[in-house]
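Here the structure is laid out as structure tokens; the discussion comes afterwards.
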Amino acid sequence: MQPIITVSQLTKTYASGFQALKGIDLQIRRGEIFALLGPNGAGKTTLISIICGIVNASGGTVTADGHDIVRDFRAARQKIGLVPQELTTDAFESVWATVNFSRGLFGKPRDPALVEKILRELSLWEKKDSRIMQLSGGMKRRVMIAKALSHEPSILFLDEPSAGVDVELRRTLWSFMSDLHRKGTTVVLTTHYLEEAQDLCERIAIIDKGQVKVIETTQQLLDRQAFRFLRLKLGNGGVLPEALRPLVSEEKNGVTELRLERERHPIAGVFAALRAAGLDIDDVHTREPDLEDIFIELTGRQPAAAAGAAP
């Protein structure tokens, strides 16, 4: 299947000399949900901004649904809908007016039935006559999505779409994105909530310091790590033997988590070391690595949401 987005040797160096992208190669398949993950400052937003025609690249090429984003800018841009991180809307316009205006910007004829359908699907119909300034942050986020969909793009970019919204709205947004995907829209998202990417996305690219570290299916990423975790709660205030200390990945609330390489550190060996030290175990269980563990392994940093930073 031909990719719907092809990025070849893409570079971006700002006037300050900062090199945000360093030869990015990337292909996104038609109809997939694709996650673009990385720490703050990794280059995700710069990459999206170039693909969407907001920022000029320093080198390389990008095609969107068969159109070069430079030579055939208008056709390429019509294929793309973008929901940016920032809530940038005209505060004094009504929801209905701002969504219709966005459709007109792309040269599309008026289609009240389509706009109504989009607003209803995003639970915005009851707010269609409200001014943007009267809406909550979550409702404004929905308006941004409605604007991005108003010209019927084949590709939808979501740059931190669930940032600053509550859990219920996050679930609503992801349910809506899944519906779009089933209808054939290609969805590309960035998020610091890695459980969202793990649950929703077919493939994931992890970017760090302007370079792609890995592009794999979600399952391939989860399967590629040759380690697992063992969580222990020792009895009677027991202290972990020094021989096991290098394996500790976390200690919290009396529970010690060990990071065990499958071939080098068998669980039976850990139990033997505990028995030899005369230690009792009150509780024990294992867990497989999740996307956050793999993210940290590849970048050496925690995602912002996990680290407690603002999303």
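Numbers at a glance
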item	result
Residue that is exposed (fewer than 11 other Cβ atoms within 10 Å of the Cβ), among the acidic types (Asp, Glu) and under 36 Å from the mean Cα position of the chain (by Cα), where the choices are GLU263, GLU250	GLU263
Residue tally, condition surrounded by fewer than 20 Cβ atoms within 10 Å (Cβ to Cβ), under 10 Å from ALA35 (Cα atoms) and charged (D, E, K, R), over region 189-225	2
Wholly enclosed helices (runs of 4 or more DSSP H) of region 33-110 bearing at least 2 residues touching a residue at least 40 places away in the same chain (Cβ under 8 Å)	44-51, 95-105
Flag for TRP125 being touching a helix residue (DSSP H, G or I) at 6+ places or on another chain (Cβ under 7 Å) and free of Cβ contacts under 8 Å to residues at least 12 places away in the same chain	yes
Strands (runs of 3 or more DSSP E) wholly inside region 152-221 that include at least 3 residues being over 19 Å from ARG141 (Cα atoms)	203-208, 211-217
Selection from region 31-85 of residues that are hydrophobic (A, V, I, L, M, F, W, C), closer than 27 Å to GLY17 by Cβ and buried (at least 22 other Cβ atoms within 10 Å of the Cβ)	LEU36, LEU37, ALA42, LEU47, ILE48, ILE50, ILE51, ALA57, VAL62, ILE69
Selected residue [more than 22 Å from ILE4 (Cβ to Cβ) and of a type in the set (Gly, Ala, Ser)] from SER94, SER102	SER94
Which numbered condition ILE281 fails, given (1) among the β-branched types (Val, Ile, Thr); (2) surrounded by 15 or more Cβ atoms within 10 Å (Cβ to Cβ); (3) over 30 Å from PHE34 (Cα atoms)	(2)
Test: ARG301 is in contact (Cβ under 8 Å) with a residue 12 or more places away in the chain, among the basic types (Lys, Arg) and either within 30 Å of LYS44 (Cα to Cα) or in a loop (DSSP other than H, G, I, E, B) (or both)	yes
Selected residue [closer than 30 Å to GLY41 by Cβ, more than 15 Å from the chain's Cα centre (by Cα) and aliphatic (A, V, I, L, M)] from ALA226, ALA205, ALA268	ALA226
Sole residue being within 20 Å of ARG203 (Cβ to Cβ) and in contact with a Lys or Arg (Cβ under 9 Å, 6 or more places away or on another chain), chosen from ALA42, ALA20, ALA57, ALA91	ALA42
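Matching residues to (1) surrounded by 17 or more Cβ atoms within 10 Å (Cβ to Cβ); (2) touching a Pro at 6+ places or on another chain (Cβ under 8 Å); (3) under 16 Å from TRP96 (Cβ atoms); (4) at pLDDT 85 or above:
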| position | (1), (2), (3), (4) |
| --- | --- |
| PRO109 | no, no, no, yes |
| PRO112 | no, no, yes, yes |
| GLU116 | no, no, yes, yes |
| ILE132 | yes, no, yes, yes |
| LEU156 | yes, no, no, yes |
| ARG171 | no, no, no, no |
| LYS183 | no, no, no, yes |
| VAL187 | yes, no, no, yes |
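The values are calculated or read from the model by the stated rules, or taken from the named source; none is laboratory data. This structure is a prediction, so every number in the text was calculated from the model and none was measured. So basically every Cβ, Gly included, is an ideal-geometry build from the backbone, and we count neighbours across all protein chains shown.
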